[in-house]
């Protein structure tokens, strides 16, 4: 137990207290030094971040590190307050016999600390360091805001002398003594503008330093008094070095050889680079500094490999530590993670050469990652990290500290996840600065950049602006990108980087577009993969079924991509009930399945129609799916049916037809796509699209581009890729091209909504130029769940449970209750399902089960299902059923 100290000493204050951990208290001066030491060690072990900080501040490494670690040592000054110290009477009694003041209040110690610094401590520091002069105070304001905002949100200072009383003298004494050995004489810029961009990174570093510096694994409680400088050198710095090394944050150096085969070991041994990949390997990178690369090529053209090669080049130039690949959905992220798990280490040198004690981490970043057996198998137990040797068994690895919170995920040297996790970096989500920090040190790779609406697309532009301003580089991938979108993305990046506004002139395809300190460059390439897909349009649904059944009879496999879940369900049931397709030969795949069932279906779809599937696997199989299969899943069908959709999505869908080189059944040697669409008549009525596609009109409400696409496909009768890709996409969005006036009039309302989405995105996005402060938004930060990365109808999570007549259980098993809950959930529109009254015995078991759930059942609506033949019927006011093969069904 700590000895009671003099009331006149800064050692009489606690920062951490636990009655179960001797010596029960960790002294406040030591915690402040711990966090400053971790901050300093983070910069020491992440040289890319250190270079970013030097570039932003225009100061030398020694100068800016000294300044930032000194600010870090002040981060918890508010814990000197009576409000904080009297929260734990036992801790206070251990250290001092001063009677409590009884001063109440709910002012947070971060706001109190900021008041104490600006009102009292800064003046004391000015007496010993010119850097804390009144002029310098204005310059450092963005950094000070970020220092005291280390709980994930910027704070407004609040407090008065009554909150501290004599503690003000102790705080001043501590601050000046610590500054004496932490901060040599330095000069800083005269304008705070130099520190506004830097404050975003400083805020993230402060959070990481505070979290690591508060972790008793690396910083056990210490109550023995010793000189501050002794504690700093002999205890804080060694512990901080170990904490940072074991956290998983540092990266190994990149592999020194720029060799195609060495860097991409997952490709066949005889594979050679495509023209785009050669460009990424040898020519893409012309300079240091922030740079944007946009790679456009056909689906299956090796864009991901080109991105990895380019990212490695940036790593070898010390412009990045690793990469984060952002994808549209959790399913596509899972697929990319599995693809990289066996090969990502090839981009790096030996882990023995790194500054960390564990292998390079590859993280999966999305809300259901704990359900990925592949990912979880690479995360060691917190108390036995050495139990996993991923290099010996080929698994991917992720350090435990990085994996225990989604908010830390982007701090990993390598990551794969959804675009949403990256977009949260520029939205007022609590701890968004962690995501921004993680992205800043890595290459941001965004796949399927064409796949987002005006709201999410505007957020993506804001992310590129932030990323470039902080010194980061980005690689964007697409098979169907319009010039307008490419122009907007390049302009956003160049604005952030401080480059001249770009002008794009080239419409060739495949194409690489580069924006860097040398300006814009557009490089066209010859195609390495060509495909001519014969396209036929029909307004007759019966023709769609006939094409599926004929393909099945010929021994081939087919897919029908429908635009709504209900339409997919209708086609599935008709194929089974009216056309006699057995259950073993048909799969339904959409988003309205419980996660456990959806994962199982996705695995089966990849096994039957993926790159490694055999002719026996595929023979006579039919997949009926929604848009879940049109992006990033490597699938191949002999016949492709599709509901009518925007041209760029039809090209995406067409890329799933004859995607791989393989022997095809007789009669299916050529790729064919049949599109269900109304005839593109010049006198089309306002309900032109809905007349054939029904409720899909709410999925794709803007009809003029759809009409132009149908008209064009009726004329050309084929997709010749990649030659026609650019022309086909650009022409349907050209307002100078004809479209029936009735459709243009009907579209006006939706075009106004699109402008509203852009305005909403601008309103929600943080303001880069304001620095890390409340002025960056004008309103408070919120939890992740309350921050919107995509617009749409409000939804809720249903948590499915099954009642067998005597026992109530979650729909799916664990491992663990948290995983079982997630695996049993399905998202639906709000108000679509309203649970009804349950029998008393079910109510009792539900209450007991909810008590065992991690969230106590608060974050999902429980829907109890009871068995009725082969179906499970929901206890709900609506007629609702569920099966593992068809998902959630709303019955009329």
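Listed by position, the strands (runs of 3 or more DSSP E) contained in the range 462-554 that have at least 1 residues being within 22 Å of the chain's Cα centre (by Cα) and modelled with pLDDT of 95 or more are 474-478. Among the candidates 243, 178, the residue that is surrounded by 24 or more Cβ atoms within 10 Å (Cβ to Cβ), part of a helix (DSSP H, G or I) and modelled with pLDDT of 95 or more is uniquely 243. Comparison of 280, 320, 306, 326 shows that the only residue that is part of a helix (DSSP H, G or I), buried (at least 23 other Cβ atoms within 10 Å of the Cβ), in contact with a strand residue (DSSP E or B) (Cβ under 6 Å, 6 or more places away or on another chain) and assigned by TED's automatic domain parsing to the domain that holds residue 518 is 306. Kindly indicate whether residue 650 is on the phi < 0 side of the Ramachandran plot, assigned to a helix (DSSP H, G or I) and touching a helix residue (DSSP H, G or I) at 6+ places or on another chain (Cβ under 8 Å). Yes, satisfied. Looking at this structure, is residue 751 at pLDDT below 90, outside any loop (DSSP other than H, G, I, E, B) and within 20 Å of residue 710 (Cβ to Cβ)? Answer is yes for this residue. Just one of (1) assigned to a helix (DSSP H, G or I); (2) surrounded by fewer than 22 Cβ atoms within 10 Å (Cβ to Cβ) fails for residue 268. It is (1).
Take the residues of the range 786-816 that are within 29 Å of residue 207 (Cβ to Cβ) and touching a strand residue (DSSP E or B) at 6+ places or on another chain (Cβ under 9 Å): which is surrounded by the fewest Cβ atoms within 10 Å (Cβ to Cβ)? It comes out as 786. Looking only at residues in the range 754-777 that are free of Cβ contacts under 8 Å to residues at least 40 places away in the same chain and outside any loop (DSSP other than H, G, I, E, B), the one that is nearest to residue 710 (Cα to Cα) is 756. Selection of first residues in the range 149-176 that are without any contact (Cβ under 8 Å) to a residue 40 or more places away in the chain and of second residues that are exposed (fewer than 15 other Cβ atoms within 10 Å of the Cβ) and assigned to a loop (DSSP other than H, G, I, E, B), restricted to Cβ pairs under 7 Å at least 6 apart or on distinct chains, gives an empty result. The combined condition, being at pLDDT below 95, within 30 Å of residue 297 (Cβ to Cβ) and outside the structural domain of residue 449 (by TED's automatic domain parsing), is fulfilled by residue 606. Flag set for residue 573, criterion: more than 23 Å from residue 706 (Cα to Cα) and either under 39 Å from the mean Cα position of the chain (by Cα) or not assigned by TED's automatic domain parsing to the domain that holds residue 615 (or both). Being surrounded by fewer than 24 Cβ atoms within 10 Å (Cβ to Cβ) and touching a helix residue (DSSP H, G or I) at 6+ places or on another chain (Cβ under 9 Å) holds for only one residue in 28, 56, 68, 33, and it is 56. So which residues in the range 776-785 are touching a strand residue (DSSP E or B) at 6+ places or on another chain (Cβ under 9 Å) and surrounded by 12 or more Cβ atoms within 10 Å (Cβ to Cβ), if there are any at all? Across the range 776-785, the qualifying residues are 781, 782, 784. Restricted to the range 84-118, and to residues there that are in a loop (DSSP other than H, G, I, E, B) and touching a residue at least 60 places away in the same chain (Cβ under 8 Å), the residue that is surrounded by the fewest Cβ atoms within 10 Å (Cβ to Cβ) is 97. Just one of (1) under 28 Å from residue 693 (Cβ atoms); (2) out of contact with any helix residue (DSSP H, G or I) (no Cβ under 8 Å at 6 or more places or on another chain) fails for residue 788. It is (2). Inside the range 602-617, can you point out the residues that are outside any loop (DSSP other than H, G, I, E, B), surrounded by fewer than 22 Cβ atoms within 10 Å (Cβ to Cβ) and either touching a residue at least 24 places away in the same chain (Cβ under 8 Å) or out of contact with any helix residue (DSSP H, G or I) (no Cβ under 9 Å at 6 or more places or on another chain) (or both)? Scanning the range 602-617 gives 602, 603, 604, 606, 608, 615, 616.
Go through the range 154-169 and give me each residue that's buried (at least 21 other Cβ atoms within 10 Å of the Cβ) and either assigned to a helix (DSSP H, G or I) or at negative phi (or both). Correct list: 154, 155, 163, 164, 167.
Conditions (1) out of contact with any helix residue (DSSP H, G or I) (no Cβ under 7 Å at 6 or more places or on another chain); (2) surrounded by 15 or more Cβ atoms within 10 Å (Cβ to Cβ); (3) modelled with pLDDT of 95 or more, marked per residue:
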site: 821; (1), (2), (3): yes, yes, no
site: 829; (1), (2), (3): yes, no, no
site: 846; (1), (2), (3): yes, yes, yes
site: 855; (1), (2), (3): yes, no, no
site: 859; (1), (2), (3): yes, no, no
site: 865; (1), (2), (3): yes, yes, yes
site: 868; (1), (2), (3): yes, no, no
site: 879; (1), (2), (3): yes, no, no
site: 882; (1), (2), (3): yes, yes, yes
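The values are calculated or read from the model by the stated rules, or taken from the named source; none is laboratory data. For clarity, every value in this text was computed on a predicted model and none was experimentally measured. Here Cβ is always computed from backbone atoms with ideal geometry, including for glycine, and neighbour counts include all displayed protein chains.
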